[in-house]
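K.L.:
This is the structure I have questions about; it appears just below.
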Amino acid sequence: MIAYFCKKKEGRFWAKTDLFCPLFVPFLRISIPAEYPAFALRRRVKWLEKRGIRRYIADRELFPPKALEVYGLKEVDPLPLCRAKAAQLALALLPQAPYLCRVSIGGERVDQTAIALAEALCPQVGTLYLDFDRGGEDLAFHLRTAFGAAPQPPGRAPHLAVELSQREPLGEKTLRLWGEPDLLGLSLTVPGGLPGRPDPLRHLTILWESGRCALSQISVCPAGEETGNP
């Protein structure tokens, strides 16, 4: 079960706990006042840990990302899902037809995410740049063999740079897929949309992790339209 922290609408001092099951995903919802004391929050986290709850989602009006990790809870991480949908996110961010665009993929080393992303983009974009500290030459050879294409080291400023780890920016538009993802105004959703709360992207991550939603069912949408009610 996942803990879901949200703002309590009434009352000043006490937290309210109840079961919350949007789209059949069980959350233990903890409604707390905006000025909930730190000592009470620590005590609440220990109470959750005794019941085997180790992860959480929180409304951003209460806590910034990963704020409760100092107390021992781990926030649901949407990065693996965003990386799994990296190619679709990248194509949706291109300013014109993909075959007219330059796209850069960069990171510390080539991993399975980088390979899958390069294989998806190489036959679709005009120019693919590879900017890796380790493994870039092997990946370029693989792409030339598979597609007859010739990925290049960074040249002209790309229309879009996809960062798989922290890099020096190559262009003005960077899709960040490390740390806290920056999807540049995009998000992910499913047919029919997601509930407005909890955090739609992290809620979708739970649906995907638990097998309630296949990767093929997840689509790219503008941020704010995940609920199906733009």
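K.L.:
Given (1) surrounded by fewer than 18 Cβ atoms within 10 Å (Cβ to Cβ); (2) touching a residue at least 24 places away in the same chain (Cβ under 8 Å), where does ASP131 come up short, assuming only one miss?
P.N.:
That leaves (1) as the condition not met.
K.L.:
Given the conditions (1) in contact (Cβ under 8 Å) with a residue 12 or more places away in the chain; (2) assigned to a helix (DSSP H, G or I), which single one is not true for TRP47?
P.N.:
Checking TRP47 against (1) in contact (Cβ under 8 Å) with a residue 12 or more places away in the chain; (2) assigned to a helix (DSSP H, G or I), the one that fails is (1).
K.L.:
Among all residue pairs at least 6 apart or on different chains, which show Cβ distances below 8 Å where the first residue, located in region 23-39, is in contact (Cβ under 8 Å) with a residue 24 or more places away in the chain and closer than 8 Å to LYS8 by Cα and the second is among the hydroxyl-bearing types (Ser, Thr, Tyr) and open to solvent by less than 60 Å² (accessible area, probe 1.4 Å)?
P.N.:
Between residues of region 23-39 that are in contact (Cβ under 8 Å) with a residue 24 or more places away in the chain and closer than 8 Å to LYS8 by Cα and residues that are among the hydroxyl-bearing types (Ser, Thr, Tyr) and open to solvent by less than 60 Å² (accessible area, probe 1.4 Å), the close pairs are SER31/THR17.
K.L.:
Take ARG176 and tell me if it is within 19 Å of CYS21 (Cα to Cα), among the charged types (D, E, K, R), open to solvent by 50 Å² or more (accessible area, probe 1.4 Å) and touching a residue at least 12 places away in the same chain (Cβ under 8 Å).
P.N.:
Values: within 19 Å of CYS21 (Cα to Cα): no; among the charged types (D, E, K, R): yes; open to solvent by 50 Å² or more (accessible area, probe 1.4 Å): yes; touching a residue at least 12 places away in the same chain (Cβ under 8 Å): yes.
Considered against the rule, which asks whether it is within 19 Å of CYS21 (Cα to Cα), among the charged types (D, E, K, R), open to solvent by 50 Å² or more (accessible area, probe 1.4 Å) and touching a residue at least 12 places away in the same chain (Cβ under 8 Å), ARG176 comes out as no.
K.L.:
Go through region 188-200 and give me each residue that's open to solvent by 30 Å² or more (accessible area, probe 1.4 Å) and within 14 Å of LEU79 (Cβ to Cβ).
P.N.:
ASP199
K.L.:
While we're here: Report, by residue number, each residue of region 1-33 that is more than 26 Å from the chain's Cα centre (by Cα) and open to solvent by 60 Å² or more (accessible area, probe 1.4 Å).
P.N.:
The answer is LYS9, GLU10, ARG12, PHE13, TRP14, LYS16.
K.L.:
Further, regarding this structure: Just checking, which of GLU69, GLU75, GLU61, GLU108 is in contact with a Lys or Arg (Cβ under 8 Å, 6 or more places away or on another chain) and surrounded by fewer than 14 Cβ atoms within 10 Å (Cβ to Cβ)?
P.N.:
Exactly one residue qualifies, and that residue is GLU61.
K.L.:
Condition first: touching a Phe, Trp or Tyr at 6+ places or on another chain (Cβ under 9 Å), aliphatic (A, V, I, L, M), closer than 14 Å to CYS101 by Cβ and open to solvent by less than 60 Å² (accessible area, probe 1.4 Å). Now tell me which residues in region 134-173 satisfy that.
P.N.:
Selection gives ALA161 alone.
K.L.:
Would region 191-200 turn up any residue that is under 17 Å from the mean Cα position of the chain (by Cα) and closer than 15 Å to SER104 by Cα?
P.N.:
Checked region 191-200: no residue is under 17 Å from the mean Cα position of the chain (by Cα) and closer than 15 Å to SER104 by Cα.
The values are calculated or read from the model by the stated rules, or taken from the named source; none is laboratory data. In this text, all values refer to a predicted model and were calculated from it rather than measured experimentally. Every residue, glycine as well, gets a Cβ built from its backbone with ideal geometry; the counts of neighbours run over all protein chains shown. Surface areas here come from the heavy atoms of the whole protein model, side chains and all, with no ligands, DNA or RNA. Shrake-Rupley method; radii C 1.70, N 1.55, O 1.52, S 1.80 Å.
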